[in-house]
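Encoded as structure tokens, here's the structure I'll be asking about.
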Amino acid sequence: MRRLLIVGNRVGHDVQRIVLDSSDKLKAQKQEFREMLRKRIDERHAQFIGEEASYKWEGTTAQTLGVRWANIDMPMDERERRGILEEQMQRHRVPSYLGDQARTVLLEEGYQRDVGNGWVELEVRLPSDVIREQFMFDRVQEDAGDADRIIVICGIIHSEKVAERFRDTGAQVEAEIWPSF
């Protein structure tokens, strides 16, 4: 039985990227991400990492940790071929004032981030996210081969939907938001 950990990154994909010219805050987040990922690899004896990452990047932290790795994100030309590129490029955040009810949470309609003083921003799920998530799932299924201990790193907005796909196969799945709320 496959055992998966789905890591939903809630601070942005730049923490995954290997870049030397980062701000002090981003450098600290990158170090925390590396430490968390190393720990999860060791705890779970991970054999494969599937990561949503830009194809423009020179490398990611996950690639440097000695575990078989694959980029599971859908390339831009594939998004265009499937007719979802334009919609995916239109992802935006919707501000709302919620007062005392403001909180950071993953909702069915998207990722709601508390931005302070009672305000939140909702990063709305798009209909085409379903197509990208299926692509990520398919890539892990193909690229993991016979690995049965797998870590998947994706944006928080995709994490639960990707986890559901693997649960539907009978896999044992944990989903973790990083950093936690």
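Return the pair list, or none, for Cβ contacts closer than 8 Å from residues in the stretch 139-150 that are surrounded by fewer than 16 Cβ atoms within 10 Å (Cβ to Cβ) to residues that are of a type in the set (Phe, Trp, Tyr) and in a strand (DSSP E or B), at least 6 apart or on different chains.
Taking only residues 6 or more apart or on different chains, the pairs are Gly145/Phe48.
Continuing with this model, one more query. Considering only the stretch 94-160, give the strands (runs of 3 or more DSSP E) lying wholly within it that have at least 2 residues that are of a type in the set (Asp, Glu) and at pLDDT 95 or above.
It comes to 119-124.
With respect to the numbered conditions (1) under 24 Å from Arg3 (Cβ atoms); (2) crowded, with 20+ Cβ neighbours inside 10 Å, which one is the sole condition not fulfilled by Gln112?
Among (1) under 24 Å from Arg3 (Cβ atoms); (2) crowded, with 20+ Cβ neighbours inside 10 Å, Gln112 violates only (1).
Filter the stretch 21-48 down to the residues that are over 12 Å from Ala62 (Cα atoms) and hydrophobic (A, V, I, L, M, F, W, C), then identify the one that is farthest from the chain's Cα centre (by Cα).
Ala28
Name the one entry in Glu86, Glu52 that is in contact with a helix residue (DSSP H, G or I) (Cβ under 7 Å, 6 or more places away or on another chain) and either surrounded by fewer than 15 Cβ atoms within 10 Å (Cβ to Cβ) or in contact (Cβ under 8 Å) with a residue 24 or more places away in the chain (or both).
None of the other options fit; the residue is Glu52.
For Arg79, are the conditions met, namely being buried (at least 18 other Cβ atoms within 10 Å of the Cβ) and over 14 Å from Ile153 (Cα atoms)?
Here the answer is yes, as Arg79 does meet what is asked.
For the structure I just gave you, tell me whether Tyr97 is farther than 25 Å from Arg167 by Cβ and either hydroxyl-bearing (Ser, Thr, Tyr) or buried (at least 17 other Cβ atoms within 10 Å of the Cβ) (or both). Step through it out loud before you land on a result.
Working: farther than 25 Å from Arg167 by Cβ: yes; either hydroxyl-bearing (Ser, Thr, Tyr) or buried (at least 17 other Cβ atoms within 10 Å of the Cβ) (or both): yes.
Judged against the criteria, Tyr97 is a match.
The values are calculated or read from the model by the stated rules, or taken from the named source; none is laboratory data. This one's a predicted model, so the numbers in the text were calculated from it and none came from an experiment. Using ideal geometry, Cβ is built from the backbone for each residue, glycine included, and neighbour counts are taken over all protein chains shown.
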